[in-house]
Structure formats: structure tokens, C-alpha cells
1. How large is ³J(HN,Hα), in whole Hz, for each residue of the range 99-106 in order, when computed from phi with the Karplus curve 6.51 cos²θ - 1.76 cosθ + 1.60 and θ = phi - 60°, using x for Gly and Pro?
2. Sort the range 335-375 into rounded, prolate or oblate with this rule: let a ≥ b ≥ c be the square roots of the eigenvalues of the Cα gyration tensor; rounded if a/c is under 1.5, and if a/c is not under 1.5, prolate when a/b is larger than b/c, oblate otherwise.
3. Out of the chymotrypsin sites (Phe, Trp or Tyr not before Pro) in the range 1-87, which ones are loop residues according to DSSP with at most 12 other C-beta atoms within 10 Å?
4. Treating cross-link reach as a plain straight distance, find the lysines whose alpha-carbon is under 20 Å from the alpha-carbon of Lys123, omitting any fewer than eight places away in the same chain.
5. Return the sequence-ordered ³J(HN,Hα) values of the range 260-274 in whole Hz as given by the Karplus equation 6.51 cos²θ - 1.76 cosθ + 1.60 applied to θ = phi - 60°, using x for Gly and Pro.
6. Hey, what's the chain come to in accessible area per residue, 1.4 Å probe, Å²?
7. Would you pull out the residues with amide H under 5 Å of Asp128's amide H, same chain only if 5 or more places away, H placed 1.01 Å from N?
8. Along the range 320-330, what does the Karplus equation 6.51 cos²θ - 1.76 cosθ + 1.60 (θ = phi - 60°) give for ³J(HN,Hα), rounded to whole Hz, x for Gly and Pro?
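The values are calculated or read from the model by the stated rules, or taken from the named source; none is laboratory data. Note that this is a predicted model, so its numbers are computed, not measured. For neighbour counting, all protein chains shown are included, and Cβ atoms are generated from backbone atoms with ideal geometry for every residue, glycine included. Just so you know, the surface numbers come from the protein's heavy atoms only, side chains and all, with ligands and any DNA or RNA stripped out. Shrake-Rupley method; radii C 1.70, N 1.55, O 1.52, S 1.80 Å.
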Amino acid sequence: MKINENFLKIESSYLFSTVAKKQREYQAAHPDKEVIRLSIGDVTKPLVPAVIEAMHKAVDEMANEESFRGYPPEYGYDFILDAIQKNDYADRGIDIAKDEIFLSDGAKSDCGNIGDIFSVDNKVAICDPVYPVYLDTNIMAGRSGDKGDNGLYENIIYMPCTAENGFMPELPKEKADVIYLCFPNNPIGVTASKEQLKVWVDYALENNSLILFDSAYEAFITDDSPKSIYEIEGAKKCAIELRSFSKTAGFTGVRCGYTVVPKELVFDGTSLNPLWARRQATKFNGVSYVTQRAAEAIYSEEGKKQTKEVIAYYQRNAKVIFDGLTEAGFTCYGAKNSPYVWLSVPEGMTSWEFFDDLLEKCQVVGTPGSGFGPSGEGYLRLTAFGNYEKTIEAVDRIKSVYGKQFKIGGFVK
Ligand SMILES: *Cc1c(COP(=O)(O)O)cnc(C)c1O
């Protein structure tokens, strides 16, 4: 028996565990201080009443022989696929067929599993910094080489997203076969305009590339930026879209999302839609009935109204962080269309040094940007998923400590 040696190439993800460890150690050494976590990458508000009601009802159905349900259809019940098709696509003028939508237990699984349907020989392009799942799943699949001394994996195309390029990746110089894009993105919190996305769709069509578009944060979009890549002409011929109810409706613990694989996606003369259908039917047995009824409730009138209110709560937090830190003298990005604020750390500090400084002086926990990729060095991510009053308190502490230091001629370490 031989193991999959690709697993040995993956650096054990120490980012979130190190953040948690440092917080624990600080708290143990200073039991009297209240630490506020602006590092949470998970929702904190409960499921909305419409969802809870639907779940209770579905549970009761499971208790009766007449209404009991066994294995669900592999790709989702008609009631949820209809709701998705209507609300997320048809109502926005996008023509997606029901059998192009595949319900799943979330976007993370689909992000990792989708690689089953394409060759190990494809060259993959990812943004830097980025959600770590895109890179790690491709390392496991054998699409990368080893990690080089520069901290980058061989055979992976990294597309730096920095202040200089407005955090928008530039088209790769060498040909990318599979391109991961996420807008609004994690960790930076910026989104792409229609024009910016069109550049990628045009590139993919011209180069016979596949775009994997992660729109986990579309509910946070406040302007007219695209919520789906299929708003761009030609995208159905080159893009798969990954969607999740985790951040849009607080489903991180319930687990539900979906992936759209249009039938027009044809590579090597083969349509990807039946490949993904076959993959899912073979390795996945569907989403639980109760969960599907919960997801359906998000699309009811009440459900829409209630989830919007929760998103608005997080958006208010994002604004508090963005405005407060900007006032304190920091250069901030994101927030507008996202639950994330991405800020430049004071000059002369690394992401981790500023993380420590912030914990020490303000008892506020962030996430070092360098943990999301080499181009994240010099930045820190703060999230809006916390409690409103605590968020205000955290921002006040930051303003009172760093505000003065910025004012007296640059930052004083
Ligand atoms: C949170 C998140 C998801 C959602 O994953 P689920 O498995 O659906 O919970 C997907 N993509 C990105 C970039 C995320 O940050």
C-alpha cells in the first residue's frame, strides 16, 4: 500500500490555529482583560425564524410514515432547485436550466470535489492572497510541484492582488487552464465590476480555459457589481459557479450550497455537466430533506426579508470598522460589498508583528494577511461577523491607541 504523497507537500495550515493559540495565551496571562475577536470567519447570528419554522415542519414530516423521506434525489428536490433557478437566476435575467444546478453540502466540498472532473495535467491559477481551499485541494490532487524557497508552489500560477493593482488579478502571462476567481473575495473584501469580470470571461473563451467562480459573498454586494458570473456574456461557455448559503443565510452549521455547471461548457468535445452529474451521483448521496426545506425558506418573502436584516447587521459592523480605522489613520480596503476589512499594517511591521501589537495594546484579534498568501504580507483582515457593540468597542480601542501614533508624524512602534 502506498499513500498519496501529494498530501506530504501541504504545509499544515497553522494560520487559524496560531491565531487561536496566541489569543488563548494572552487571555491566560491577562485574565482581567476582555479580548474581542474580529478574526471570526464564521457567522454568529442565529438562523432566521422563517428557516427555523421550515426546519421544524420538515422534522415533523420525517416522524410520519406518510410524509417520511428516505434518500433525497442526488442533485436536490425540485422545490429547492426551482427556488434557486427563479430567485438567483431567472429573476436576474439569467437563463440557467434546473438540471444545470447541483445542490450540495456547501461550497468548500464542491471547490475540492470539482477537480475530479478535470485532468491532473491542467495548469491552475489562483489569486494571492486567497481562500486556502483552492490551493490545498490542487496540491492534494497532484497539480502542484513542491513548495519553493520563495514560499510558492511550483506549477501553480499565482496572481498577486495588491494595492498597486487595485487588488484585481492581472491576466496570467503563461496559459492558465483552470482559473479560480472569488468576488466579493475573501480575505480582501473587494469585488469585481462587470467590466473587470468580462476581461476574465474573454480570456477563458479565447484560451479554452475554465473559470471556477466562487460567489459565496454575493449577498453582501451593495452596488451594481455582478452577483453571478453568468451576468457576463459568454460565461456559460467557460465558467462553473459555486454558491453557498453559509454567509448569505447563516448556514455554516447547517451545510448547504450549490454548484452550477451549464451544459454549454464543452472541453475536448465533452460537456462537463454530465461528468459532474455522474461524479455527484457516485460519490454524494444528496442533502438532507430538512436542510433542503430550510434552504427553500430563505427564498420565501419572509425569509428574504429576515436574511436581509442579518446581512445588514454585519454590513453595519463592516462600516464601523472601515470608518473607525480610516479615522485612526489606517489605509483600509473592502467592507463596502463584503464582511471583511483589509488594512495596511503600520510601516515597518509584518502582518504577524501588527497582530501581536494589536492583541497586546487593544486586546483585539485580527487575522494576519500573510497567512492567506505571500502577497498578503503587510495586511491584516478584520471581520464584521461579530457583535455590534463589541465591534464598536474594539474600534474605539484601536482609535485611542493608534490614532495618536499616526497623528504625531507617522506611526511610532
Ligand atoms: C466561507 C466561504 C465559503 C463557504 O463554504 P461552505 O462550505 O459553503 O460553508 C466558500 N468560499 C469562500 C471563499 C468562503 O470564504
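1. Listing the rounded values in order: 7, 9, 9, 10, 6, 8, 8, x Hz.
2. Oblate shape, in that a/c is at least 1.5 and b/c is the bigger or equal ratio.
3. Tyr14, Phe68
4. Lys9, Lys147, Lys173, Lys175, Lys237
5. In residue order, the calculated couplings are 9, 10, x, 5, 6, 6, 10, 10, 6, x, 10, 7, 6, 4, x Hz.
6. Values: 18340 Å² over 413 residues.
Here the per-residue accessible area is 44 Å².
7. Met159, Cys161
8. Coupling constants for the range 320-330: 4, 5, 4, 5, x, 6, 5, 4, 6, x, 7 Hz.
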